[in-house]
Amino acid sequence: MLVKAYGAHASDQPLESLQITRRATGAHDVQIDIAFCGICHSDLHQVRSEWEGTQYPCVPGHEIVGRVAAVGAHVQGFKPGDLVGVGCIVDSCGHCAECADGLENYCDAMVGTYNGPTADEPGWTLGGYSQKIVVHERYVLRIRHPAEQLAAVAPLLCAGITTYSPLRHWNAGPGKKVGVVGVGGLGHMGIKLAHAMGAHVVAFTTSDGKRAAARELGADEVVVSRNADDMAAHLQSFDFILNTVAAPHDLDAFLALLKRDGTMTLVGAPATPHPSPNVFNFIMKRRSLAGSMIGGIPETQEMLDFCAEHGIVADIEMVRADEINAAYERMLKGDVKYRFVIDNATLNG
């Protein structure tokens, strides 16, 4: 099945209109007409070979929402017309301990929605900057938000689960003081989710101009991290800090804010390493520094249901397919509030 898409033929070339092939819908497959696809910073890293192993043509996109167009003969959980989503995972081994626990995101054989190995043409997965996608039913997610919110649901498939998973794992909720470092694509979702979970939320930003925006998102307090007095006022007071910043920075400044047994989890992926933190920041208060990567399929469904129940969506700016390259440049400058989403109907021209 030939479909229109947007992708790049080389790391130094812009994304452009192209045609790709999707496999026939197998017995356990769901064919999806893609309505919208979010633009993630990972898309830019991969398409420009800033991450190793990019294969071309590269069609990015792993924040996919749309409607079921067809289902295979053995599919029982979905039917044509259903609102569905596809996130960062389209396959995994299915039999390791991680898969058995519903943590396919940590399976060593996890296949990403684009640039992952597949038997389908051309030999690697092609993502959501396209008209259609065919995915095994196990990796398709049900969307319960109203249809008019569908575009703003798209970023939940990556930005939403990337922040929801660590907040749930480290038990953010009533009685917990939770910090969210960065008020961007990931951070704005972290603030919304931690607030909805009932935690006392403190947003950290380097920009005094983001104070009002962070409060509107649900932050109870806002700290400008460049202000030493503001930071000192919160020493040893946090149960958990979610650090969403994707640029190298001083982790010690935030580790010192954790209580005894507190944890800071990193979800931002900088292109170069953070400066090494001081070991005494761990030893003296038995603190932990951790990492987290998206979430498994069951937890992603849980996140979508939680967001539907609490009326949570991403703050987005819609772009046409022919505006993707400009959106990438704006994303690099932080010129988006807070996520770009592609209107896939514009792939037609």
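See the values below:
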read-out: Cα centre as origin, Lys/Arg/Asp/Glu Cβ charges: segment 160-291 dipole, Debye; value: 320
read-out: Dipole of the chain, positive direction: furthest Cα of Ser237, Leu193, Gly218, with charges on the beta-carbon; value: Ser237
read-out: Beta bridges per DSSP with both ends in the chain, % antiparallel, nearest 5; value: 55
read-out: The chain - charge dipole about Cα centre, Lys and Arg +1 at Cβ, Asp and Glu -1, debye rounded to 20; value: 580
read-out: Dipole of the chain, positive end: most advanced residue of Val178, Ile133, Ala27 [Cβ charges, Cα centre]; value: Val178
read-out: Contact order normalised by residue count of the chain, Cα under 8 Å, 6+ apart, percent; value: 18
read-out: Theoretical gain in end-to-end length, Met318 to Gln19 [0.36 nm per residue, Cα-Cα removed]; value: 105.4 nm
read-out: Mean Cβ neighbour count within 10 Å, used as a protection proxy, ranking 294-303, 115-124 highest first; value: 294-303, 115-124
read-out: Virtual spin-label span in nm between Lys259 and Asn227, 7 Å along Cα→Cβ; value: 2.4
read-out: Enclosed volume per residue, in Å³, of the convex hull spanned by Cα atoms of segment 160-291; value: 95
read-out: Per residue accessible area of segment 160-291, 1.4 Å probe, in Å²; value: 43
read-out: Of all accessible heavy-atom area on the chain, the percent that carbon and sulfur account for (1.4 Å); value: 51
read-out: Two-site label geometry, Trp51 and Thr118: point separation in nm, points 7 Å out along Cα→Cβ; value: 1.6
read-out: Global form of segment 64-166, assessed from the alpha-carbon gyration tensor, a/c cut-off 1.5; value: rounded
read-out: Calculated FRET value between Gln236 and Arg144, using beta carbons and R₀ = 45 Å, to 0.05; value: 0.65
read-out: Inter-site label distance for Ala10 and Phe280 at 7 Å from Cα along Cβ, in nm; value: 5.3
read-out: Lysines with Cα under 21 Å of Lys285, excluding same-chain neighbours fewer than 8 positions away; value: Lys176, Lys177, Lys259
read-out: Positive-pole candidate from Asn105, Val84, Thr300, dipole of the chain, charges at beta carbon; value: Thr300
read-out: Volume per residue of the C-alpha convex hull in the chain, rounded to whole Å³; value: 132
read-out: FRET efficiency, 1/(1 + (r/R0)^6) with R0 41 Å, evaluated for Asp343 and Asp252 via beta carbons; value: 0.45
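The values are calculated or read from the model by the stated rules, or taken from the named source; none is laboratory data. Keep in mind the model is a prediction, meaning the values are calculated, not measured. So basically every Cβ, Gly included, is an ideal-geometry build from the backbone, and we count neighbours across all protein chains shown. With ligands, DNA and RNA removed, areas are computed over all heavy atoms of the protein, side chains included. Shrake-Rupley method; radii C 1.70, N 1.55, O 1.52, S 1.80 Å.
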